[in-house]
Amino acid sequence: MATTYQTTPEAAAEEPVNYLNVEHGWKSWLFTTDHKRIAMLYVFSITLMFLIGGSFAMLIRLHLTQPQGLFPPEVYNRLFTMHGVVMVFFFLVPSIPATLGNFLLPMMIGAKDLAFPRVNLLSWYLYIIGAIFAVFVVARGGVDTGWTFYAPYSTTYSNSYVLSAAMGVFVAGFSSILTGLNFIVTVHKMRAPGMSWMRMPLFVWAHYATGLIQILGTPVVAIALVLVGVEKVMHVGIFDPNVGGDPILFQHIFWFYSHPAVYIMILPGMGVISEVIACFARKRPFGYEFIAASSMAIAILSFLVWGHHMFITGQSVYTGIVFSFLSFFVAVPSAVKVFNWTATMYKGSVTFESPMLYAFAFIGLFTIGGLTGLFLSTMATDVALHGTYFVVAHFHFVMVGGMVVAFLAGIHFWWPKMTGRMYSEPWARFAALMIFVGFNLTFLPQFVLGYLGMPRRYAAYPPEFQVLNVLSTAGASVLGFSLLIPIVYLIYAWKYGPKAGNNPWQAKGLEWEIQSPPTTFNFDETPTVTEEAYNYGPLEEKQVA
Amino acid sequence: MPDAIAEAPHPTDEELHVKHHFATADQQMDADTLGMWTFLITEVLFFGGMFAAYAVYREMYPLAFAATSEFMNVKIGAANTAVLICSSLTMAMAVRAAQLSRKKDLIKYLYGTLAFGSTFLIVKAFEYHAKYVEHLIPGPTFHPDNLAPQFQHNAQILFFLYFCMTGMHAVHMIVGVGLLTFLVINSYRNQYNSNYYTPVEMIGLYWHFVDIVWIFLFPLLYLIGHWHW
């Protein structure tokens, strides 16, 4: 690397050498193989994609303030499609694994880096290439198929930029596969002496389970998109009923990935929540083994439930019954986690720092999101609810109320470790509260709308639904605005915040025993682990800086 | 570990190519091997989507598939299968040569593997061309001669799968040929010996995997029409 500068003596005196100041210049970032720097690259990239996807969400809500809609229906179709594509494939899937997972997983098991640092960098470049495709599609006017690319609409009838969007998702998919592969190998082969499987933090367990889904599911959606692309370009049919093809086969292959993918999007969040609750309740998580095992159970069961997306699309009823049963079954390990988190707080010394506020929000919102999922895995009620806003509300309760909130919990919990600086706690609490209020105002009315029969993906609706829609848009405005607040104070804290020290929360775990921000290789000497994870005692007297 | 290493003095970390974040060469080798196998599992699922589609459509249109399969040239397909099996043999011998630090043998076997792999691809290109001449490319120009009229419709699906599956297999072969070329260049530079032969072994695993995919493709695509109950 050509442009590497020595830090000035004064700067070196006030700031010890760490992964951020060890090298400078853009080349030191774009050619880095340090998992922490790659994690920070991801933090900025996914935040950018989140803002793009979020702008589409705001436009959707703006459109729906009027029963006949503000934009032409074709524009509306493109808005909700691009919102889905950008948010699912370019924010939710990489969100926690690529940022917090990348940053913390090696530290938590006492490793100097992930097993394949260059592959890790490659995954970021693949993500960027995929994102460029997506942004290109946005610039050229978008896609109108819905984020699911259902055939034969995507293959035959749509004249929008399906091919570029599918290409972007295909490439970003390989970025996700490489991240998962790296995590699996790292957990298997790079644990420090004494770090047995049952001493691993639950965050690591969650990421291991996520990695399994990533390597087993993602290639299947990749090939589904290849087949759609070939069919579209060559004007041939494999999903085309004209030559005997079966459009439902596309749905099967697509959901074989995309249902497990929602667990790619939630499992890492559950890992974050397990860490945060243990720290701010000052207790070892109740039933550690069960939480760890439930992550693995979710990873396995998630592959057996995809048919519940197709109860009303021509799948046989008998198949539907099996998928319905299995979908109920997958709720069990998720419920195990919720009960265990709650039991962890029972008789714990609970404090209310901002990461914990997000964890509380997560438990409540995820529980609502999960339980409404059971309505949808019941075949009879699904017939009524599947095509309505009920599904939109359910999905957003899990994905925004679950994953985005967990991402914020994790970012607030580990920001002092990542940057060495502390953010403004009052602002953080205020933002957490506003996000919670805005979120509920946005999506609770949508449950009611769906129950009353308002279809999803329609550009217009009967006038009697307007009040609830305006309420939802008002909530979205609060939510959208409050999500910008953390961006401001976190960046401000990185530059001007007070020094956080190595372990501001007095948390347990190897990542808190090293310097903040960590050095390039995390540990000077490979640590030896001699105690169980989460060996929490009562809070010591806080040192006032 | 081959016996040769026991007689030699302990190699340094540099000779073993141990990267900074690994504690020992064994740990690194274990991680590389697990990583490659994990990647191959991903590849199984990648091809698995197409095999699933094949299974569904063959179940739906068994007679059309059998009739369409007779358009495949079994002799050429069988010859190509033999070529690929030979390439796997030379690849395995290349790995062995690298483990024993036999540079000349390593290069010889790598060239052998390259030759067999390229032969396969060239034959495949001629096969594709023959299909094009016979109007067997699915789409508007699809007009197979001598196919019973009731199968004309669904025959396109088998040919779609044929081109997608063998095409994706060929893409993997082309990547493999590139990787082998990389190995040959590095072998001339004395990169591989009994202390460090991980890339040879890993690319070998990949090469065997691509061969195995073909072992499944050949009977499923070429032979189903030639089996009369």
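For this structure, a couple of remarks:
- Inter-chain neighbour count for B:14-23: the average number of beta-carbon atoms from partner chains within 10 Å of each residue's beta-carbon is 4.
- Axis angle, to the nearest 10 degrees, between helix A:162-189 and the longest C-alpha principal axis of chain A: 40 degrees.
- Equivalent ellipsoid semi-axes - Cα gyration tensor, region A:410-545, angstrom: 43, 18, 14
- Chymotrypsin sites (Phe, Trp or Tyr not before Pro) within region A:63-143, DSSP loop, no more than 15 other Cβ atoms inside 10 Å: none
- Its DSSP H runs of at least 4 residues, each contributing -39,500 (n - 2.57), put the calculated 222 nm mean residue ellipticity of chain A at -21500 deg cm²/dmol, to the nearest 500.
- Cα-based Kirkwood hydrodynamic radius, region A:454-495, one decimal, Å: 12.7 Å
- For B:33-42, mean number of other protein chain Cβ atoms within 10 Å: 6
- Rg and Dmax of region A:100-253, based on Cα coordinates, read 19.0, 61 Å.
- Residue range of chain A that is longest and free of trypsin sites (Lys or Arg not before Pro) which are both DSSP loop and sparsely packed (at most 15 other C-beta within 10 Å): A:141-346
- Note that region B:43-226 shows a convex hull volume over its alpha carbon atoms of 103 Å³ per residue.
- 10 Å Cβ shell holding at most 16 others, DSSP loop, GluC sites (Glu not before Pro): longest site-free stretch of chain A: A:1-512
- Residue order, fewest to most beta carbons within 10 Å, for A:113, A:524, A:34: A:524, A:113, A:34
- Across A:27/B:19; A:27/A:112; A:495/B:19; A:337/B:19; A:112/A:508; A:283/A:417, pairs whose alpha-carbon gap is larger than 27 Å: A:495/B:19; A:337/B:19
- Order by protection proxy (mean Cβ within 10 Å, highest first), peptides A:52-59, A:390-397, B:19-26: A:390-397, A:52-59, B:19-26
- Residue by residue along B:57-64, Cβ atoms of other protein chains within 10 Å of the local Cβ number 1 on average.
- Relative contact order of chain A: 17 percent, from C-alpha pairs under 8 Å at least 6 residues apart in sequence.
- Rounded tilt (10° steps) of A:317-345 against the dominant C-alpha axis of chain A: 30 degrees
- The relative contact order of region B:43-226, computed from alpha carbon pairs under 8 Å that lie at least 6 residues apart in sequence, is 38 percent.
- On Cα atoms only, tilt of A:202-234 relative to the major axis of chain A in degrees: 40 degrees
- Each pair of Cα atoms in the protein assembly as shown enters the Kirkwood radius, and Stokes-Einstein at 25 °C and 0.890 mPa s then converts it into a translational diffusion coefficient of 87 µm²/s.
- Rg over Rh for region A:188-326 works out to 1.12, using Cα positions for both radii and the Kirkwood form for Rh.
None of the figures in this text is laboratory data; all of them are computed from the coordinates on show. From a predicted model like this one, the values you see are computed outputs, not experimental measurements. Cβ atoms come from the backbone with ideal geometry, glycine included; neighbour counts cover every protein chain shown.
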